[in-house]
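Below is one structure, written out as structure tokens; the observations come after it.
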Amino acid sequence: MTSRVLRGACILALIAFGPPVSSQVQNGEFTGLITDPSGAVINQARVLIHNLGTGFTLEVRSNEDGIYKGRELIVGQYQISVEVPGFRTTTSRALILNVGTVVRADFKLQVGASNETIEVSDSALPVNTENARLSQTVDSTMIANLPLNGRNVYDLIQYAPGATNVRGVMFENGANTVVNGVRENFNGFLINGVSNKGLSGGPVNQPIQDTVQEFQLVTLNNSAEFSNSAGAITSLVTKSGTNLLHGSAWEYFRNDALDASPFFANHDPAPANRKKTPLHLNQFGGTVGGPIIKNKFFFFGAYQGDRFLTSSAGPVQVESQQFRSAATTAFPDSVAALLYKNFAPSSKGTPLMTLRDYVSGPDGGSSGSTFTTFAEYLCPGSLDPGGFNPAAAAALSNRFAQLFGVEQADIDQMNGDCTGGSPFAVPQVGAFNRNDTFLEQAISVTKSQVEGNLFNGNEASLRLDFNPGSKDRLFGQFNWARSGDRYTGSDLLRGFLNPSKVTTPNFQFSYIHIFGPTVLNEFRAGYAGNGNDVSVNLPGVPEIDFDDNTLGFGSSIGFPQTFHENIYTYADMVSVNHGKHNLKAGVDVRRNIENGNFNVARPSYGFFDSLFFATDAPYFESAGVDPEFTGSTPTHLETNIRHWRNWEVGAYAQDDWKLSRKLTVNVGLRVEHESPVTERYDRSATGFLADQVNPIA
């Protein structure tokens with residue numbers, strides 16, 4: 001086993017006018033310099049960092065260089081007070097702490113009694129001078145007010161410099177966004193510092209928009225603490241409860257009843273084309289948050305219901321009722337007769353072409369077999385040009401004769417062109433008249449409950465925050481979402497559907513303990529699940545396709561299928577502030593489990609056209625089978641269930657070393673190892689795909 005170094009090189013970033021800098025993932029940090037009126041630094045100043053929403057107060061002390069640090073604080077509004085005997089107590093205005101940022105607030109104390117208080121309004125620097133990270137923060141105000149079709153908060157990534165919307169251009173998983181030219185599925189996603197990235201890339205759970213406090217998009221110069229992604233990293237932080245009970249409710253409504261008809265549709269001479277595109281969308285829900293135990297224990301819960309349905313209509317080519325009746329009469333025991341009887345189109349079409357036009361029309365015919373005369377269908381040599389099975393070719397020729405008959409013109413042509421001459425001495429009548437309608441054009445209405453960011457389902461989340469004392473902080477959050485589409489599949493005319501269901505839970509847990517003025521430890525754990533299930537409403541019917549684009553039968557091969565991701569993450573980080581060094585070291589462990597079933601047990605058949613289908617003559621067959629070469633078990637259809645497993649382990653260390661008041665050097669090293677992917681039951685190479693390509697075999 002060899003290690004893969006992702007960030008093996010040292011990262012040097014020179015930061016002017018700044019104290020040592022900590023890398024933050026989901027939390028923020030306050031830091032600053034405390035001096036007396038002459039500019040001399042003050043050691044052991046008492047600094048109280050007070051969260052105005054939750055009442056939590058962190059007490060820290062300035063070091064021998066006059067620098068204080070308040071690390072791993074949740075985002076929100078804070079007020080900082082500085083107390084030193086012989087000096088007036090100095091208090092800052094309300095300061096906003098954003099995700100992943102370091103806010104510098106310096107204090108110059110005034111001589112006086114400690115019971116005198118001075119409030120300063122310019123203690124925090126308006127420009128970030130504390131790290132070299134290139135990032136953009138989107139706060140709750142922007143999240144609430146920027147337009148989001150479908151309320152997908154990850155669409156806000158596209159507002160960042162260097163971000164490009166690639167929807168419809170690239171089809172990877174990565175929030176439909178390329179940042180700085182790096183591939184879409186290289187993007188990383190965190191919720192409250194815990195991975196929300198799927199095994200194939202992209203975010204797993206889409207949080208409810210009103211639960212998101214803010215997020216930071218890191219596009220360059222990220223520290224060694226980040227892992228698993230070579231592109232941009234979206235670090236999202238959710239809202240927590242406060243000492244005040246608060247909540248919200250919403251309803252977003254879109255319906256075609258309120259839409260105007262498209263301009264060009266109004267001028268279309270066909271009345272059927274003047275209809276508006278059907279669309280029904282409702283997104284409704286609410287949030288509530290508040291205290292369970294004031295100043296210590298808080299909750300924040302949310303629910304959102306999504307109701308979406310749209311449809312589109314388009315023409316489709318189907319066989320006529322006359323042809324279905326003729327095929328059933330000619331071959332009552334055939335598979336075609338069984339399927340024609342049970343799965344006729346649900347709506348009647350309009351005549352499109354006769355069988356004579358289909359085979360030998362003025363434009364050369366439309367047959368998927370490329371035959372342009374009936375004689376080619378009837379000639380055994382045309383059906384089996386390689387001479388592999390003359391008996392089967394002769395039998396198929398006779399079945400075509402039973403279906404659409406034999407005319408004298410066919411006999412004459414075969415006597416001139418067919419090897420061995422015409423197998424028919426005299427004309428004969430078939431079950432179907434060549435001058436009757438063979439194909440019709442019907443209108444197929446495709447319904448969908450999923451379209452981009454719009455879907456049909458339910459979402460919920462609950463976050464709990466607990467601050468038992470000034471040295472311990474805990475929180476846990478569970479997000480859950482389930483969506484589905486009972487109309488999945490394009491063949492609504494015959495009734496073949498693939499109902500789908502997607503379930504995406506996400507859990508995060510964090511425990512921060514302060515061992516002393518200079519040592520802090522944070523443990524994080526998380527889970528992300530992605531369950532994607534596609535079923536088949538009529539599993540007994542194989543997939544049947546026609547080369548001439550006539551509407552076939554059955555759901556697509558490969559269904560039903562399941563794809564279940566289970567991603568467990570564990571991380572521990574120790575932060576030590578020692579003199580001019582701010583040291584961090586940590587370990588990340590990620591366990592990836594994927595259980596899936598790409599089911600190819602249902603066979604797939606290809607036919608040139610409906611004529612070959614009516615005579616039970618496919619040219620292609622595909623099915624997943626297990627031949628059982630090494631045992632005595634009979635051959636059986638293979639379900640292809642697999643259980644894939646692997647580990648990812650990363651370790652890092654970094655030092656933010658303050659060489660002087662005006663110069664800080666950031667040095668980091670990260671090493672990662674990714675274990676080989678294994679199958680739990682050693683089923684990585686069983687079964688194979690059996691193909692048969694010849695209608696005469």
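Since every read-out is calculated from the coordinates, none of them should be taken as a lab result. Worth saying up front: this structure is predicted, and the values here are computed from it rather than measured. We place every Cβ from the backbone using ideal geometry, glycine too, and count neighbours over all the protein chains shown.
Tabulated results
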{"read-out": "Loop sites in segment 148-247: chymotrypsin sites (Phe, Trp or Tyr not before Pro), DSSP, at most 13 other Cβ within 10 Å", "value": "Phe171"}
{"read-out": "Separation of alpha-carbon centers, segment 567-627 and segment 295-366, rounded to whole Å", "value": "30 Å"}
{"read-out": "Between 0 and 90°, nearest 10: helix 390-404 axis offset from the chain longest Cα axis", "value": "80 degrees"}
{"read-out": "Candidate lysines for bridging to Lys658, where Cα separation is under 27 Å - those fewer than 8 sequence places away on the same chain excluded", "value": "Lys69, Lys108, Lys471, Lys580, Lys584"}
{"read-out": "Reachable aspartates and glutamates from Lys296, criterion Cα separation under 15 angstrom, eight or more residues apart if same chain", "value": "Asp465, Asp472"}
{"read-out": "Estimated vicinal HN-Hα couplings, Hz - segment 641-648 in sequence order (Karplus 6.51, -1.76, 1.60; Gly, Pro = x)", "value": "6, 9, 10, 8, 9, 6, 10, 10"}
{"read-out": "Where only C-alpha atoms are counted, convex hull volume of the chain per residue in Å³", "value": "204 Å³"}
{"read-out": "Karplus-derived HN-Hα couplings along segment 89-101 (A = 6.51, B = -1.76, C = 1.60, θ = phi - 60°), whole Hz, x at Gly and Pro", "value": "5, 10, 10, 7, 6, 5, 10, 9, 10, 9, 5, x, 10"}
{"read-out": "Label-point separation, Asn165 to Leu258 (7 Å along Cα→Cβ), nm", "value": "2.1 nm"}
{"read-out": "Cβ-based net charge around Asn173, under 10 Å, with every Lys or Arg adding one and every Asp or Glu removing one", "value": "-1"}
{"read-out": "Protection proxy ranking of 173-181, 440-448 - average other beta-carbon atoms within 10 Å, highest first", "value": "173-181, 440-448"}
{"read-out": "Crossing angle, helix 321-330 versus the chain [Cα axis fit, 0-90 degrees, rounded to tens]", "value": "60 degrees"}
{"read-out": "Cα-based convex hull, segment 453-693, per residue volume (Å³, whole number)", "value": "218 Å³"}
